[in-house]
Amino acid sequence: MASTKATFTLDTETVTRLRETAERLGRPKSAVVRDAIRDYSERADGLGADERRRMLSAFDQLVTEIPPGGAEQVDAELAELRASRRRSGRGG
């Protein structure tokens with residue numbers, strides 16, 4: 001993989017965290033930065049926190065609207081619907 005030198009300005013806390021992480025992992029700081037950017041990029045492609053909360057809220061609301069009854073009840077309703085369609089002669 002080709003490398004490109006780049007210059008970034010980081011605050012003191014970030015530099016400290018980078019140095020400590022690199023030391024703890026026994027890896028070069030540039031490798032830690034590459035991994036962090038790759039991880040962030042992958043997560044950024046997913047749902048954001050606000051969007052995730054909005055979707056979970058919508059799901060929670062929809063779940064409460066699911067009528068009670070098990071698979072047997074659903075199967076019975078589908079069988080009745082199919083029989084009704086056959087009786088009505090829905091030609092083709």
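What are the residue pairs meeting all of these: first residue in region 1-22, first residue closer than 12 Å to Val33 by Cα, second residue outside any helix (DSSP H, G or I), Cβ atoms under 8 Å, and 6 or more apart or on different chains?
Every condition considered, the pairs that remain are Leu18/Leu10; Ala22/Pro28.
Out of all the residues in region 37-51, which are surrounded by 10 or more Cβ atoms within 10 Å (Cβ to Cβ) and not in a helix (DSSP H, G or I)?
Result: Leu47, Gly48.
Residue check, Arg34 against (1) at pLDDT 85 or above; (2) of a type outside the set (S, T, N, Q); (3) within 19 Å of the chain's Cα centre (by Cα); (4) surrounded by 10 or more Cβ atoms within 10 Å (Cβ to Cβ), all met but one. Which one?
(3)
So that you can scan it fast, the table gives a plain yes or no per residue for (1) closer than 30 Å to Thr21 by Cβ; (2) among the small types (Gly, Ala, Ser); (3) without any contact (Cβ under 8 Å) to a residue 40 or more places away in the chain:
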| residue | (1), (2), (3) |
| --- | --- |
| Ala36 | yes, yes, yes |
| Ser41 | yes, yes, yes |
| Ala49 | yes, yes, yes |
| Met55 | no, no, yes |
| Ala58 | no, yes, yes |
| Pro67 | no, no, yes |
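Which residue, of Thr16, Thr12, is modelled with pLDDT of 90 or more, open to solvent by less than 60 Å² (accessible area, probe 1.4 Å) and among the hydroxyl-bearing types (Ser, Thr, Tyr)? Full working, then the answer.
Values: Thr12 fails: open to solvent by less than 60 Å² (accessible area, probe 1.4 Å).
The conditions single out Thr16.
I'd like the residue in region 52-88 that is surrounded by 10 or more Cβ atoms within 10 Å (Cβ to Cβ) and among the acidic types (Asp, Glu) and, out of all such residues, is farthest from the chain's Cα centre (by Cα).
Glu80
Of the conditions (1) at pLDDT 95 or above; (2) among the hydroxyl-bearing types (Ser, Thr, Tyr); (3) outside any helix (DSSP H, G or I), Thr4 fails just one. Which one is it?
(1)
The values are calculated or read from the model by the stated rules, or taken from the named source; none is laboratory data. This is a predicted model, so every value here is computed, not measured. Virtual Cβ from ideal backbone geometry, glycine too; neighbours counted across all protein chains shown. These area figures cover heavy atoms from the full protein model, side chains too; ligands, DNA and RNA do not enter into them. Shrake-Rupley method; radii C 1.70, N 1.55, O 1.52, S 1.80 Å.
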